[in-house]
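The values are calculated or read from the model by the stated rules, or taken from the named source; none is laboratory data. The structure presented is a predicted model; accordingly, all values stated were derived computationally and were not measured. Quick reminder, even Gly has a Cβ in these numbers, built from the backbone with ideal geometry, and neighbours come from all protein chains shown.
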Amino acid sequence: MGLDIYASNAPDEVSLTPEQAQAFEEADIRLCGGVLSGSGGSFRGKVYVHVIVRITGINLCQDWIPPETVRRMYRDLAASDPQQVAEESSVYDMAPEEIIGLRNFFRVCSEHGLGLIGWW
């Protein structure tokens, strides 16, 4: 089973304004994608769930993560050392650039008041 994560304004459907979609595009975030995720404010959560839990204490395996929680997750990611996190990654091999990509993804979400939808 996979897990895709989508940034969204609402918990019941994936929705981004054109400005929000543009912010993700400009951030040039390069994260692993799934069949339907991996661009425009989404990524393959299955690949990053363990590292996100380790850094933030929050599990991505939820239907909805509200904006206030996403902001807290961003602060935790911003405070982490990408090199150290990548070296300690035990489930999937991860490069420091991916940790920076996650940080940027969560930064854009935080700046735009977005929550996260988990889809299986």
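Checking the structure you have, find out if any residue of the range 58-68 is modelled with pLDDT of 95 or more, within 14 Å of Y6 (Cβ to Cβ) and touching a helix residue (DSSP H, G or I) at 6+ places or on another chain (Cβ under 6 Å). Yes: the range 58-68 contains one or more residues that are modelled with pLDDT of 95 or more, within 14 Å of Y6 (Cβ to Cβ) and touching a helix residue (DSSP H, G or I) at 6+ places or on another chain (Cβ under 6 Å).
The set of residues in the range 44-84 being touching a residue at least 40 places away in the same chain (Cβ under 8 Å) and acidic (D, E) consists of D63 alone. Only a single criterion out of (1) among the hydroxyl-bearing types (S, T, Y); (2) within 13 Å of the chain's Cα centre (by Cα); (3) farther than 18 Å from V108 by Cβ is not satisfied by Y92, namely (2).
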